[in-house]
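Trainee: Quick one: this structure, given as structure tokens, is what I'll be asking you about.
The values are calculated or read from the model by the stated rules, or taken from the named source; none is laboratory data. This is a predicted model, so every value here is computed, not measured. Using ideal geometry, Cβ is built from the backbone for each residue, glycine included, and neighbour counts are taken over all protein chains shown. To get the accessible areas, we keep the full protein, side chains included, count just its heavy atoms, and leave off ligands, DNA and RNA. Shrake-Rupley method; radii C 1.70, N 1.55, O 1.52, S 1.80 Å.
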Amino acid sequence: MSRILVVDDNADNRYSMRLLLDGFDVLEAVSGEDALDLLVTERVDLILLDVQMPGMDGFDVCRRIRADEDTRSIPIILVTAHHRDTESVVQGLAAGGDDYVTKPVAQQELLARVRAMLRIGELQESLNVLNAELERKVQRRTEALRQIYATV
């Protein structure tokens, strides 16, 4: 079961998202700081991140998630009811968001976006595993060549 982190300072919004995401394992964070702390101990497959929050806004949280090697590949959907202008969308995507949704959003549309981002996350994870495997093979071959050249 996919695990989704919902980050929103509004309890009603978190409750609505939890109902909408029935069938997923949903974790909640009430602030950006809370989300970052939670990501240290919990593995998540997707983050639904509110843009407008007190303290650290969603853009800042997004940048921090992307700066951390352990969390940078988690898909992030930025969600907002207030920042609907093109400049905010561009700012959110530039901060590292993978998608940007404005409320109100139709339930079917949000679920489709969540599923699409989860598929992308699975593909990214597969690529990470393959890349690590290729790096190990290159290291083994490089070491074998070093040993050959050392004996010549």
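Trainee: For the stretch 143-152, take each phi angle, set θ = phi - 60°, evaluate the Karplus expression 6.51 cos²θ - 1.76 cosθ + 1.60, and give the result in whole Hz per residue in order, putting x for glycine and proline.
Mentor: With the stated coefficients, the stretch 143-152 comes to 5, 4, 5, 4, 5, 5, 5, 6, 8, 7 Hz.
Trainee: Separate question: Most mobile of Gly92, Gly32, Gly23 per a Gaussian network model of the chain (Cα springs, under 10 Å)?
Mentor: Looking only at Gly92, Gly32, Gly23, the biggest GNM fluctuation is shown by Gly23.
Trainee: How would you classify the stretch 68-114 from its alpha-carbon gyration tensor, with a ≥ b ≥ c the square roots of the eigenvalues: rounded for a/c under 1.5, else prolate if a/b is greater than b/c, otherwise oblate? Don't jump to the answer; show the numbers that get you there.
Mentor: Numbers: a/c = 2.94, a/b = 1.27, b/c = 2.31.
Judged from the Cα gyration tensor, the stretch 68-114 comes out oblate (a/c at least 1.5, b/c at or above a/b).
Trainee: How much accessible area per residue does the chain have, in Å², with a 1.4 Å probe?
Mentor: The answer is 61 Å² per residue.
Trainee: Then there is this: Once you put a point 7 Å from the Cα of Gln147 and another 7 Å from the Cα of Ser126, both along the Cβ direction, what distance in nm separates them?
Mentor: Distance between label points: 3.4 nm.
Trainee: Another one. For Leu27, what residues show an amide H to amide H distance below 5 Å, using hydrogens built from the backbone and excluding near sequence neighbours?
Mentor: Ile4, Leu5, Val6
Trainee: Is the stretch 16-132 best put as rounded, prolate or oblate by its Cα gyration tensor, with a ≥ b ≥ c the root eigenvalues, rounded for a/c under 1.5, and otherwise prolate when a/b is larger than b/c, oblate when not?
Mentor: rounded
Trainee: All other residues with a Cβ under 12 Å from the Cβ of Val40 taken together, and with Lys, Arg as +1 and Asp, Glu as -1, what is their net charge?
Mentor: Working: positive: Arg43, Arg64; negative: Glu33, Asp34, Asp37, Glu42, Asp68, Asp70.
Net charge in that neighbourhood comes out at -4.
Trainee: Shifting gears a bit: Report, in whole Å, the centroid distance computed from the Cα atoms of the stretch 16-89 and the stretch 116-134.
Mentor: Using only Cα atoms to place each centre, the spacing works out to 20 Å.
Trainee: Carbon and sulfur together cover what percent of the accessible area of the stretch 21-152 at a 1.4 Å probe radius? Numbers along the way, then the final one.
Mentor: Values: 4230 of 8150 Å².
Carbon and sulfur atoms account for 52 percent of the accessible area of the stretch 21-152.
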